[in-house]
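Each remark here refers to the structure printed beneath this line.
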Amino acid sequence: MAARSERSYVRIRFAELAKRTSSPTLRDVGQRARVDPSVVSKLLSGDPSLNVRPETRKKVWQAVHELGYHRNALARGLRLSRAMTIGYLLPDLVNPANAALVGGAQRAAAAYSYTLIIGSVVGYEEAKDGFARLLGEGRVDGLLVNTGAMSDEEVLELAASHRPVVLVNRSVKGAACSVIFDDETAAITGTNHLIELGHRRLAHIGGPELADTAQRRRAGFLKAARRGKVSASVAHATGWGVQEGYTAAMRLLQAKTPTGVLAANVPIATGVIRAGFELGLQVPRDLSVVAMHDSREAQMTIPALTTVTTPIEELGATAVNHLVALIEGRRVPKLTMVRKPQPTVIPRQSTARYADHEGLSPR
């Protein structure tokens, strides 16, 4: 009799434990939000045909968070014959802008229950060939390509794998989908900041000359300089890193005498400051420097960098949204430009008003 009671107790305790530790289901979320489970499913998958009131959507999301519901990626993948995995090919893992891009892409991928696999072109041939093989074998459902190391022909060849490919921060004619941000407006914003501070001799240290994003930033810089009726010089770095920025800045600063520089990104701006220091130029007394993209690293340079904010995380998220749409057989625009939030200047210690009246003679 005692043994039977003990067995009954164990069964009851096991059932209670299983109930507490089992993952919540769509039905659980629906019951908590008082809606049909199909409504929950459509909302979580972003089904455009779903037509419910905003307060209903709010209740569903509240129930999702309260219950800690996560879609079962494995079950969903088996049902849809997908790997539920996205590949992301990056130029490097050092540039702060790439970290922000990955952050935005990661959050969007998680919302669709996809896993992100990241590769860098530091080992370029291996990464390219590896992702091409993963695409061909169906072990990733699609690929995000964010690198200028591949030629347009190589990008199109990779896209011919019959798996969706979305280009990030780059556009190639003939590609199914490219997602970029408004580099030109961001460059205009940074250049205008220097002009408003009284600078009349400006320079732009851009990224690799053939990169389309570098071309858009150069166009914005030159447009703002023309409108402001100031002199403008341009030098292109061979890459996006500190060393490349330093080399390009040394070449330009030894030949030109700008008082304000718009740098293509934070690493290049860091190289500009180093080059100026070696040439006897103090920032910002002799040379004001503005960098595209904001990051925590921009606050740690000496002096701290004035930057232009760009919608970099939104760019990564939009790229994933488009890639998932292509995976699911939906149409997306060939070219999407992410414009919001709009670029703004974050003033720090690397820029100052140009003032000959303070005894600083023009160089």
Check segment 282-295 and report whether any residue there is of a type in the set (D, E), in a loop (DSSP other than H, G, I, E, B) and not assigned by TED's automatic domain parsing to the domain that holds R200. no
Identify the single condition in (1) modelled with pLDDT of 95 or more; (2) closer than 18 Å to S350 by Cβ; (3) of a type outside the set (V, I, T) that A224 does not satisfy, given that it satisfies every other one. (2)
Here is a list of conditions, (1) outside the structural domain of A249 (by TED's automatic domain parsing); (2) of a type in the set (A, V, I, L, M, F, W, C); (3) surrounded by fewer than 21 Cβ atoms within 10 Å (Cβ to Cβ), and I195 meets all of them except one; can you say which number that is? (1)
Kindly provide the set of residues from segment 310-335 that are free of Cβ contacts under 8 Å to residues at least 40 places away in the same chain and assigned to a loop (DSSP other than H, G, I, E, B), ordered by number. E328, G329, R330, R331
From the residues in segment 164-207 that are out of contact with any Asp or Glu (no Cβ under 7 Å at 6 or more places or on another chain) and among the hydroxyl-bearing types (S, T, Y), which one is modelled with the lowest pLDDT? S178
Kindly indicate whether any position in segment 47-59 is at pLDDT 80 or above and within 20 Å of L326 (Cβ to Cβ). no
Tell me which residues, restricted to segment 284-318, are aliphatic (A, V, I, L, M), surrounded by 22 or more Cβ atoms within 10 Å (Cβ to Cβ) and at pLDDT 95 or above. L287, V289, V290, A291, M292, L305, V308
Limited to segment 200-249, what total is found for residues that are over 22 Å from the mean Cα position of the chain (by Cα), surrounded by 24 or more Cβ atoms within 10 Å (Cβ to Cβ) and outside any helix (DSSP H, G or I)? 3
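The values are calculated or read from the model by the stated rules, or taken from the named source; none is laboratory data. All values derive from a computational prediction rather than experimental measurement. Every residue, glycine among them, receives a Cβ derived from its backbone with ideal geometry; neighbour counts consider all protein chains shown.
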